[in-house]
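Just so you know, all these numbers are worked out from the coordinates, no wet-lab data involved. Everything quoted here is computed from the prediction, not taken from an experiment. Please note: Cβ atoms are built from the backbone with ideal geometry, for glycine as well, and neighbour counts cover all protein chains shown.
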Amino acid sequence: MQGRMKGVALMLAVCAVALLMGWHYFSGTHYDMVSGTAPAVVSGEEWAVSEDGILKYQIATPQYNISPSWIDGNSTVSLVRFDSRMTLMSALLRIPLKGTNAHGNGNGNESIPGIVLLPGATVSKEAEQGLARHLADLGYASITLDQRNLGGIDPQGDLQMFLKGEEPTEHKMVYDALAGAEILRRQPEVDPERIIYAGESNGGRFAIIASALDEACRGVLAISTCGYGTDLRIASAGEDADKQAARFYRSIDPESYLNLIPPRPLVMIHSRNDTVVSYQLAEQTYRLGLQPKRLHTVGCSRHGFCPEMDDALKEELARMIRN
């Protein structure tokens, strides 16, 4: 566990340095590195980024295959493979066994609420199954993705792709989460109208963006995460801010999407002792969110989900599926 957390901390530190380096490109000098200029609205057949940097996707259920399931504790687990933006993705689908569901919708429908679960950087879908198993014990189905590059990001490489009119990997990672939600909605045991996005650390960032784009979801639970403060940096750059680079950085910053989440709730859970993503950064992101929103603070000395977060987890998930 200690080695895993060191790996997560290192990955997040590298990502933070890469993003900070990216602010240099607000000056406009990056155009020497690519041919031409980015169009006013970058778009593909199903992908677009607005002038103010908001990602847009046309979502359809991807082609997918589900393996025969096996029993793990109080749930069944299946391997899911699906096509997403020209890449074969892998996920684990976990369904509580009959009798575990305590979340009927009150209309005689005993279908199960579902959660799209996004691990942090360097964390595989298998390593995230401790939380997925706990969610199943609480009566929630889940689909846990192996994110591209195991959640690692390359903002500078993605910026260059964006400026060439190509779809950046970080945008595809948002689409992967949306595709996972569509697969989850089509499982016979799952209530398609009660889908929640949840993520830890870097996965929490993608969960926030995906929840904003998926208007049918019930909300987002973001654990040990924060945004990038892009708008503050754009404002500080003033007239030197390059519009195309700024638009890209806004498109990957969860803070750019907070106003699109209501009336669904934004829920954040964070430890004041988190040494990977500081509590102050989480507070800054939370303050930018609109109601309904809630921030739960715990005191555990680790990054990511910890037992002290369990009461808030149970309370907030139950509230989301009731509303």
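What does the charge count near Thr61 come to, summing +1 for each Lys or Arg and -1 for each Asp or Glu among other residues with Cβ under 15 Å from its Cβ? Net of charged neighbours comes to -1. Relative to one another, the C-alpha centroids of the stretch 266-299 and the stretch 127-152 are positioned 21 Å apart.
Taking other residues whose beta carbon is less than 15 angstrom from the beta carbon of Phe82, and scoring Lys, Arg as +1 and Asp, Glu as -1, yields +3.
Stretching the chain fully between Asn259 and Asp72 yields a gain of 63.4 nm (0.36 nm per residue, less the alpha carbon separation). For the pair Asn149 and Thr297, label points projected 7 Å from Cα toward Cβ lie 3.4 nm apart. Net charge near Glu170: determine it from the other residues with C-beta under 14 Å of the C-beta of Glu170, scoring Lys and Arg +1 and Asp and Glu -1. Charge balance near Glu170 sits at 0. Would the stretch 244-323 count as rounded, prolate or oblate if I go by the C-alpha gyration tensor, calling it rounded below 1.5 in a/c and otherwise prolate when a/b exceeds b/c, oblate otherwise? In terms of gyration-tensor shape, oblate.
Between Gln156 and Thr61, what is the spin-label point distance in nm, taking each point 7 Å from the Cα along the Cα→C-beta axis? Here the answer is 4.3 nm between the modelled labels.
For the peptides 225-231, 197-203, 159-165, 138-144, the ranking by packing is 197-203, 138-144, 225-231, 159-165, with the highest mean count of neighbouring Cβ atoms within 10 Å listed first.
Extents of the stretch 86-212, largest first, come to 52, 26, 23 Å (Cα atoms, principal axes, whole angstrom). Two decimals is fine: what is log10 I(q)/I(0) at q = 0.11, 0.13, 0.18, 0.20 Å⁻¹ for the stretch 147-233, from a Debye sum with one equal scatterer on every Cα and no solvent? So the normalised log intensities are -0.34, -0.47, -0.85, -1.00.
Here the stretch 228-288 yields Rg over Rh of 1.03, to two decimals, using C-alpha coordinates and the Kirkwood radius.
Sorting the segments 207-217, 260-270 by their residues' average number of neighbouring beta-carbon atoms within 10 angstrom, most packed first, yields 207-217, 260-270.
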